[in-house]
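Everything below concerns the one structure shown next.
The values are calculated or read from the model by the stated rules, or taken from the named source; none is laboratory data. Quantities reported herein were computed from a predicted structural model and do not represent experimental measurements. With ideal geometry, Cβ positions are generated from the backbone for all residues, glycine too; neighbour counts draw on all protein chains shown.
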Ligand SMILES: Cc1cc2nc3c(=O)[nH]c(=O)nc-3n(C[C@H](O)[C@H](O)[C@H](O)COP(=O)(O)O)c2cc1C
């Protein structure tokens with residue numbers, strides 16, 4: 001592991017907690033004069049357009065969402081059309097609206113503040129209609145731009161300590177955050193959002209891959225400097241967060257060409273930018289320095305033995321074919337719910353959501369039975385399930401009741417006093433035992449715990465819209481949430497929150 005201060009991740013988490021007092025006392029305001037551009041634009045590179053007539057899969061959506069990464073073959077051929085589908089429905093612009101100050105570009109996946117600070121890059125070998133290279137995906141004009149010619153996969157594979165899925169992949173998607181594009185609004189808390197907002201993108205990407213039997217695996221263990229250098233990032237502003245290995249069975253990658261600094265121009269994001277050192281420090285303290293470190297980083301943090309059997313409520317079985325629509329139709333329909341209705345969730349809907357999102361994530365930081373987080377529920381209104389709080393017991397695939405009663409008022413406080421948590425039928429929180437994650441993975445375990453929660457949170461969005469319900473991500477008062485779910489949750493840290501339920505309209 002790195003020699004960095006082992007308490008750095010914990011310290012970052014503590015100093016970016018929201019409380020009623022911290023939010024009220026914050027002098028921060030939105031400086032509209034320096035609102036950052038929501039796109040990274042390389043003005044001097046030729047666009048390589050992607051086909052806009054994106055194809056659609058046929059697998060029922062819930063099956064694709066629930067899939068923990070079961071594709072066994074090499075997957076369908078990866079060409080521009082296949083990449084267009086993956087990029088469009090995970091990070092593409094799906095809706096535009098105008099407002100007095102300008103235009104808003106809404107993307108396929110939810111993002112805090114609609115600020116879209118996550119960028120996707122592609123490193124590939126020769127594909128049927130795309131030369132080997134390192135490319136940036138530009139959602140603003142739905143085009144790739146080639147940053148480097150040649151097959152650079154070996155650089156990525158080496159940086160991961162030869163992670164097997166990366167080594168076998170014909171294409172690797174790298175995802176980054178440009179901090180300022182989110183910290184403009186959220187200040188230092190934006191580092192959490194790096195994982196929240198890539199998690200929702202990855203939930204889409206994993207479901208899109210699963211829908212066409214394309215192997216996909218998230219890799220978080222890599223030598224940070226090597227990937228940042230490959231993408232030529234200014235690491236004080238933008239860093240690589242992770243890699244998704246796509247496909248399997250690629251012939252061994254050739255030795256990577258030299259990757260000299262590129263010095264490519266990008267359009268300024270705003271007239272000036274504000275630096276939040278807490279973000280850079282938390283990231284630097286969780287970096288890996290050598291391929292050997294990366295090789296031993298991959299793995300899983302086993303869960304403690306389950307508590308003596310508490311009485312539990314079994315969920316209804318998941319009918320993965322219940323929604324015949326494909327995942328693309330669901331993604332087109334998705335958008336954060338702003339108007340939940342007081343109608344209850346049906347028990348089969350609640351069961352389908354909880355089961356579909358907890359079947360597992362294909363990643364180098366987890367394994368079946370080794371999830372880093374636990375879903376906690378506030379059930380405001382569900383048919384066949386008393387209102388109250390529950391924890392989802394991953395080992396038994398069942399809900400353990402914690403407290404019975406109506407908690408709408410509390411739910412409407414815990415989400416930073418927004419009414420959405422009170423109005424939604426269900427609030428789903430992900431809490432992590434950070435000690436377990438940090439003991440196994442060092443400071444980088446913080447990245448893994450946040451990302452795992454966010455991928456499941458992103459799946460919750462998708463499952464809700466598959467079932468023609470609504471969902472929205474929400475932020476929260478950290479310690480109040482832990483206290484609310486205690487004593488069961490004592491010592492745990494809150495990673496993510498989604499509110500779900502029937503809605504009136506978006
Ligand atoms: C992790 C996360 C947290 C969010 N937190 C809030 C929130 O606290 N309040 C809110 O109204 N919307 C919240 N949102 C919703 C975003 O504002 C929304 O995704 C964004 O405006 C884009 O719109 P769309 O989801 O309809 O595409 C959150 C979204 C995510 C992914």
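So, residue 395, is that one surrounded by fewer than 18 Cβ atoms within 10 Å (Cβ to Cβ) and under 19 Å from residue 489 (Cα atoms) or not? Taking the combined requirement at face value, the residue satisfies it.
State all residues of region 490-504 that are outside any loop (DSSP other than H, G, I, E, B) and on the phi < 0 side of the Ramachandran plot; if no residue qualifies, say none.
Taking region 490-504 first, the residues outside any loop (DSSP other than H, G, I, E, B) are 493-501, 503-504.
Across region 490-504, the qualifying residues are 493, 494, 495, 496, 497, 498, 499, 500, 503, 504.
Give the residues of region 16-68 that are crowded, with 16+ Cβ neighbours inside 10 Å and in a helix (DSSP H, G or I), sorted by residue number. Result: 61, 62, 63, 64, 65, 66.
Taking the criterion of being more than 14 Å from residue 414 (Cβ to Cβ) and surrounded by 23 or more Cβ atoms within 10 Å (Cβ to Cβ), the only residue of region 481-494 that qualifies is 493.
Within region 69-90, the residues that satisfy the criterion of being surrounded by fewer than 14 Cβ atoms within 10 Å (Cβ to Cβ) and either assigned to a helix (DSSP H, G or I) or in contact with a strand residue (DSSP E or B) (Cβ under 9 Å, 6 or more places away or on another chain) (or both) are 77, 79.
Residues in region 417-437 that are surrounded by fewer than 21 Cβ atoms within 10 Å (Cβ to Cβ) and part of a loop (DSSP other than H, G, I, E, B) were compared, and the one that is farthest from the ligand (Cβ to nearest atom) is 433.
Hey, among 368, 375, 401, 386, which residue is touching a strand residue (DSSP E or B) at 6+ places or on another chain (Cβ under 8 Å) and assigned to a loop (DSSP other than H, G, I, E, B)? Don't jump to the end; show me each part of the working.
Details: 368 fails: touching a strand residue (DSSP E or B) at 6+ places or on another chain (Cβ under 8 Å); 375 fails: assigned to a loop (DSSP other than H, G, I, E, B); 401 fails: assigned to a loop (DSSP other than H, G, I, E, B).
Of 368, 375, 401, 386, the one residue that is touching a strand residue (DSSP E or B) at 6+ places or on another chain (Cβ under 8 Å) and assigned to a loop (DSSP other than H, G, I, E, B) is 386.
Conditions (1) more than 25 Å from residue 13 (Cα to Cα); (2) within 14 Å of the ligand (Cβ to nearest atom), marked per residue:
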position: 352; (1), (2): yes, no
position: 363; (1), (2): no, no
position: 385; (1), (2): yes, no
position: 388; (1), (2): yes, no
position: 402; (1), (2): yes, no
position: 453; (1), (2): no, yes
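For region 467-489, does any single residue satisfy the condition of being assigned to a helix (DSSP H, G or I), within 19 Å of residue 379 (Cβ to Cβ) and under 14 Å from the mean Cα position of the chain (by Cα)? Checked against the condition, which is being assigned to a helix (DSSP H, G or I), within 19 Å of residue 379 (Cβ to Cβ) and under 14 Å from the mean Cα position of the chain (by Cα), region 467-489 yields no hits at all.
Of all residues in region 189-205, none that is on the phi > 0 side of the Ramachandran plot and outside the structural domain of residue 93 (by TED's automatic domain parsing) has its Cβ atom under 7 Å from the Cβ atom of a residue that is assigned to a helix (DSSP H, G or I) and near the ligand (Cβ under 8 Å from one of its atoms), 6 or more apart or on another chain. Checking the structure you have, find out if any residue of region 457-480 is more than 9 Å from the ligand (Cβ to nearest atom), touching a residue at least 12 places away in the same chain (Cβ under 8 Å), surrounded by fewer than 24 Cβ atoms within 10 Å (Cβ to Cβ) and over 30 Å from residue 205 (Cα atoms). Yes, region 457-480 contains a residue that is more than 9 Å from the ligand (Cβ to nearest atom), touching a residue at least 12 places away in the same chain (Cβ under 8 Å), surrounded by fewer than 24 Cβ atoms within 10 Å (Cβ to Cβ) and over 30 Å from residue 205 (Cα atoms). When 60, 68 are checked against the criterion of being outside the structural domain of residue 460 (by TED's automatic domain parsing), out of contact with any helix residue (DSSP H, G or I) (no Cβ under 6 Å at 6 or more places or on another chain), over 30 Å from residue 231 (Cα atoms) and modelled with pLDDT of 95 or more, 60 stands alone in meeting it.
I need the full set of residues from region 335-347 which are more than 12 Å from the ligand (Cβ to nearest atom) and either farther than 16 Å from residue 315 by Cα or crowded, with 17+ Cβ neighbours inside 10 Å (or both), in order please.
The initial filter retains those residues of region 335-347 that are more than 12 Å from the ligand (Cβ to nearest atom), namely 341-347.
Correct list: 341, 342, 343, 344, 345, 346.
Taking the criterion of being in contact (Cβ under 8 Å) with a residue 12 or more places away in the chain and surrounded by fewer than 16 Cβ atoms within 10 Å (Cβ to Cβ), the residues of region 285-308 that qualify are 289, 290, 292, 295, 296, 299, 302, 303, 304, 306. Scanning region 77-115 for residues that are touching a helix residue (DSSP H, G or I) at 6+ places or on another chain (Cβ under 7 Å) and modelled with pLDDT under 95 turns up just one, 104. Going by what's in this entry, would residue 414 be described as within 16 Å of the ligand (Cβ to nearest atom) and touching a residue at least 24 places away in the same chain (Cβ under 8 Å)? It is true that residue 414 is within 16 Å of the ligand (Cβ to nearest atom) and touching a residue at least 24 places away in the same chain (Cβ under 8 Å).
Output yes when any residue across region 101-114 is assigned by TED's automatic domain parsing to the domain that holds residue 249, touching a strand residue (DSSP E or B) at 6+ places or on another chain (Cβ under 7 Å) and closer than 16 Å to residue 240 by Cα, and no when none is. The answer is no, given that none of the residues of region 101-114 is assigned by TED's automatic domain parsing to the domain that holds residue 249, touching a strand residue (DSSP E or B) at 6+ places or on another chain (Cβ under 7 Å) and closer than 16 Å to residue 240 by Cα. For region 91-152, no strands (runs of 3 or more DSSP E) sit wholly inside it while including 3 or more residues that are without any contact (Cβ under 8 Å) to a residue 40 or more places away in the chain and more than 16 Å from the ligand (Cβ to nearest atom).
Matching residues to (1) touching a helix residue (DSSP H, G or I) at 6+ places or on another chain (Cβ under 9 Å); (2) assigned by TED's automatic domain parsing to the domain that holds residue 151:
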position: 261; (1), (2): yes, yes
position: 274; (1), (2): yes, yes
position: 281; (1), (2): yes, yes
position: 292; (1), (2): no, yes
position: 332; (1), (2): yes, no
position: 340; (1), (2): yes, no
position: 351; (1), (2): no, no
position: 359; (1), (2): yes, no
